[in-house]
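Asker: Please see the structure below; I have some questions.
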Amino acid sequence: MVKDYLGKYSRAYTPEAKAFGVEPLKGILLTGVPGTGKSLLAKAIGRLWQVPLLRLDVGKVMTGLVGGSESKMRDVIKQAEAMSPCVLWIDEVEKSLSGTKSSNFSDGGTLARVFGTLLTAMQDGMEGVTIIATANDITMLPPEFIRRFNEVFFVDLPGPNERWDIFAIHLSKRGRDIEKFEQHRKVLVAATEGFTGAEIEKAVKDGIAASFYQEKKDLTTKNLLAAIADTKPISKVMADKVKKLRDKARGSFRFASSYAMQEASNKKKAKKKVETASGKPLNIDDAISDVGVFGKTKKEESKATKEAVDNRFLDL
């Protein structure tokens with residue numbers, strides 16, 4: 001999903017694209033569960049587009065001199081524009097900009113002014129610069145900042161095929177032949193359900209370390225499964241928070257992977273419709289019709305009986 005979206009803009013900075021009327025991306029925001037590869041994806045965009053990748057550390061922009069922070073931010077913007085076309089990456093942006101509302105009380109408004117300088121540049125300037133920002137908690141970001149991005153993508157927990165691809169990457173990176181583990185693919189994939197990419201990488205590292213400590217000839221599936229069992233995924237440690245994050249994403253953001261989008265669609269379809277006994281969608285009138293006449297309570301029956309007796313004596 002996100003790869004296809006970014007691929008459409010891979011030649012957006014060429015003269016041919018400009019003549020055709022293609023406008024380069026101003027920026028995209030990547031949010032999602034921590035450890036799912038948002039920063040890795042941001043790094044890969046520069047390679048995909050074959051343009052320089054610059055990283056903005058907002059903390060290093062801040063200085064103790066009056067007006068110094070704002071001046072540094074303007075210098076960063078000028079440097080990025082001088083290197084355009086390029087990608088400007090801001091990692092975990094919510095940690096840098098979440099304090100803008102309280103800036104007047106905490107730092108005399110310095111962060112708010114720095115933030116304002118960045119917002120203005122994103123809106124009117126920075127020709128040839130695409131900003132890629134990552135955030136674990138998008139709710140901490142000011143809405144005016146989110147509005148500046150072309151798209152917001154949610155990076156969800158990896159699916160079965162994606163988890164196997166992650167195993168292949170990290171095992172191959174450490175000199176292991178992935179074909180040796182192919183016969184245990186289903187077991188490894190099932191054992192890591194709910195794991196992030198970072199947690200799978202950690203399991204591979206721990207498995208290799210355990211294999212070396214036990215003086216085995218090479219890494220085995222047993223070592224990997226033992227390391228997986230010792231790993232506590234964030235989706236379980238912080239189950240409620242991760243669930244809320246994923247539920248919010250299903251109705252608010254575009255998914256970064258087609259598997260996550262399909263899974264969300266299937267869950268939506270799987271929700272049972274509340275129906276009446278006749279099989280029709282729930283409607284109060286139909287429900288009453290299906291249930292029939294509601295029975296009277298004992299108190300109501302007693303009152304009705306008394307009234308009937310009293311009426312009988314009146315008739316006499």
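Each row is one residue, and each column tells you yes or no for (1) touching a Lys or Arg at 6+ places or on another chain (Cβ under 8 Å); (2) at pLDDT below 95.
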site	(1), (2)
R176	no, yes
I200	yes, no
A203	no, no
F212	no, yes
K216	no, yes
K232	no, yes
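Asker: Okay, moving on. Can you go through A256, A227, A190 and tell me which one is among the aliphatic types (A, V, I, L, M), farther than 27 Å from K26 by Cα and open to solvent by less than 50 Å² (accessible area, probe 1.4 Å)?
Answerer: A227
Asker: Additional query: Being more than 30 Å from K202 (Cα to Cα), touching a residue at least 24 places away in the same chain (Cβ under 8 Å) and outside any loop (DSSP other than H, G, I, E, B), is that true of even one residue in the stretch 51-67?
Answerer: Yes, that holds for at least one residue.
Asker: Right, another one. Please identify the pairs in which a residue from the stretch 150-167 that is under 24 Å from K241 (Cβ atoms) and of a type in the set (A, V, I, L, M, F, W, C) has its Cβ atom under 6 Å from the Cβ atom of a residue that is open to solvent by 20 Å² or more (accessible area, probe 1.4 Å) and assigned to a strand (DSSP E or B), counting only partners at least 6 apart or on another chain.
Answerer: Matching pairs, first to second residue: F153/R254.
Asker: Ok, one more. Within the stretch 19-37, does at least one residue satisfy the condition of being closer than 28 Å to A256 by Cα, buried (at least 18 other Cβ atoms within 10 Å of the Cβ) and among the polar types (S, T, N, Q)?
Answerer: Yes, the stretch 19-37 has at least one match.
Asker: Related question: Going by the conditions given, is T134 open to solvent by less than 70 Å² (accessible area, probe 1.4 Å), more than 30 Å from A112 (Cβ to Cβ) and either within 18 Å of the chain's Cα centre (by Cα) or modelled with pLDDT of 95 or more (or both)?
Answerer: Against the criterion (open to solvent by less than 70 Å² (accessible area, probe 1.4 Å), more than 30 Å from A112 (Cβ to Cβ) and either within 18 Å of the chain's Cα centre (by Cα) or modelled with pLDDT of 95 or more (or both)), T134 does not qualify.
The values are calculated or read from the model by the stated rules, or taken from the named source; none is laboratory data. These figures come from a predicted structure and were not determined experimentally. Please note: Cβ atoms are built from the backbone with ideal geometry, for glycine as well, and neighbour counts cover all protein chains shown. Keep in mind that these areas ignore ligands, DNA and RNA; they rest on the heavy atoms of the full protein, side chains included. Shrake-Rupley method; radii C 1.70, N 1.55, O 1.52, S 1.80 Å.
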